[in-house]
Amino acid sequence: MDIDPKPIPEFLAQQRDEHAPPELQHFFLDFEDFWDRKLWHQLTNSLDDFFKAPESGPQRLELFKNFVLTFADKINQLKLVELGLAASQQCTDYNEALVFLESLTKKVNNKDSQDAYVYATVEVARIKLCLGTLEGARTALDEAEKILDKFDSVESIVHASFYRVNSDYYSTKREFSSYYKNALLYLACVQSHELPKEKQTELAYNLSIAALLSEKIYNFGELLLHPILDSLLDTEHAWIRELLFTFNSGDLGKYNSLLGHFDKQILFKEKQQFLRQKLCLSALTEAVFRRPPHDRALSFDTIVKETGVSPEEVEYLLMKALSEGLVRGSIDQVAGVARISWVQPKVLDKNQIENMRKRLMEWDTSVSTLNQYMEEKLSETVAA
């Protein structure tokens, strides 16, 4: 990073008088005052406020190189990286940004500033992703993850940055399960309502696609309960939110009514057969869930009716459900019956909750009847 040889007061005066808009000029007076009195904490806070102002954009990079770096070792290193990241946005292209951030990463690679090093390393990975250097991005992310795993605690901004860029990497690779996991972890580190509306909608849309297309995810309760999903309401993507709830309830009729939207997402067109199988598995678990525990022996004919598969596909569907851990039980091929002892829990919609309420009422009635029967038998025994 090339540094202007001008004395600090002269440099700040030039930046204030020749480049700063009137509403930001007072910052430069504060910068010089705090720098002169070596009030590094106050100077850092003032710089942070300045860099957050949109109007400061054109001056950030030069100010960082020629002012901030002169006392970089005297301020919080994580905050130094934050300022550096804001400054890097003014680089002319990704290659310039990469050189800038790699230099910053080396500067904070010290024993006592590993959190800052991780933060900077993750941003280097992001730039490499933007440049299409996937292998380099993965190497940087793996290094950051190893260090993160050793921390007892770290600022949420560091974890959020890692999960955000890691999810971007898996999105690029179309590894839906890993994207889904990392994107949800990212949302756990931030306040989703504070994200720009466009970012919320983009995240909700991508998470929905990942949940539906993943070959490992059959229960997306975390997403269904997350408020970010509501950002899809009243948008062109509202149908995909409806599709998620359709899969959760295993509603074949609703699924068929939404097929017309698949032209809007080419991945759904390509994976339509897989999606139907996934829906059939959900319909199977829903059929089991609706039944009380003592009545979970389903004939193959019942499964055909509930899931919409052909008779020839029933055994494969059951074996798939068993292998994915969606249900536990046994298959009697001779009798044509599947005996289910357990079904994977999932998020319930209002209709499913109503069905559970009815089952609880039936259970309560059954217990009361049994209690009454035992009291009658006990009375007869005592009388005898």
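Bear in mind that the values in this text are calculations on the coordinates, not laboratory data. None of these values were measured; they are calculated from a predicted model. Methodologically, a virtual Cβ is constructed for each residue, glycine included, from the backbone with ideal geometry; neighbour enumeration extends over all protein chains shown.
The simple Förster model, with R0 at 51 Å and r as the Cβ-Cβ distance, assigns S366 and H26 a FRET efficiency of 0.10.
Rg/Rh, computed from the Cα trace of the chain with Rh as the Kirkwood radius, has the value 1.17.
Cβ-Cβ distance of I147 and V337, R₀ of 51 Å, FRET efficiency by 1/(1 + (r/R0)^6): the value works out to about 0.40.
Structure note, pairs K173/K269; K278/K305; K146/K199; K173/K320; K181/K269; K216/K278: Cα-Cα distances above 21 angstrom occur for K146/K199; K173/K320; K181/K269. The charge dipole of the chain, taken about its Cα centre with unit charges on the Cβ of Lys, Arg, Asp and Glu (plus for the first two, minus for the last two), comes to roughly 1120 debye.
Per the Debye formula on identical point scatterers at the alpha carbon atoms of the stretch 1-116, with no solvent, log10 I(q)/I(0) at q = 0.16, 0.18 Å⁻¹ is -0.72, -0.92.
For the stretch 292-337, count all C-alpha to C-alpha pairs, find those more than 14 Å apart, and express that count as a whole percent of the total.
Tail fraction, whole percent: 49.
Between L225 and T172, the distance separating the two model label sites (each 7 Å from Cα on the Cα→Cβ line) works out to 3.3 nm. Ranking N371, M356, L258 by Cα position along the charge dipole of the stretch 255-384, where only Lys, Arg, Asp and Glu carry charges on their C-beta atoms, puts L258 farthest toward the positive end.
Binning the alpha carbon pair distances of the stretch 66-172 at 5 angstrom intervals from zero yields the distribution 2, 13, 25, 25, 20, 10, 4, 1, expressed in whole percent. In nm, to one decimal, how far is the modelled label at D33 from the one at T235, with both set 7 Å along Cα→Cβ? So the label points at D33 and T235 sit 4.4 nm apart.
Computed packing ranks the peptides 283-290, 371-378, 224-231 as 283-290, 224-231, 371-378, most packed first, by mean other Cβ atoms within 10 Å. Put one equal scatterer on each alpha carbon of the stretch 156-277, apply the Debye formula with no solvent term, and list log10 I(q)/I(0) at q = 0.11 1/Å to two decimals. Calculated log10 I(q)/I(0) at the listed q: -0.35.
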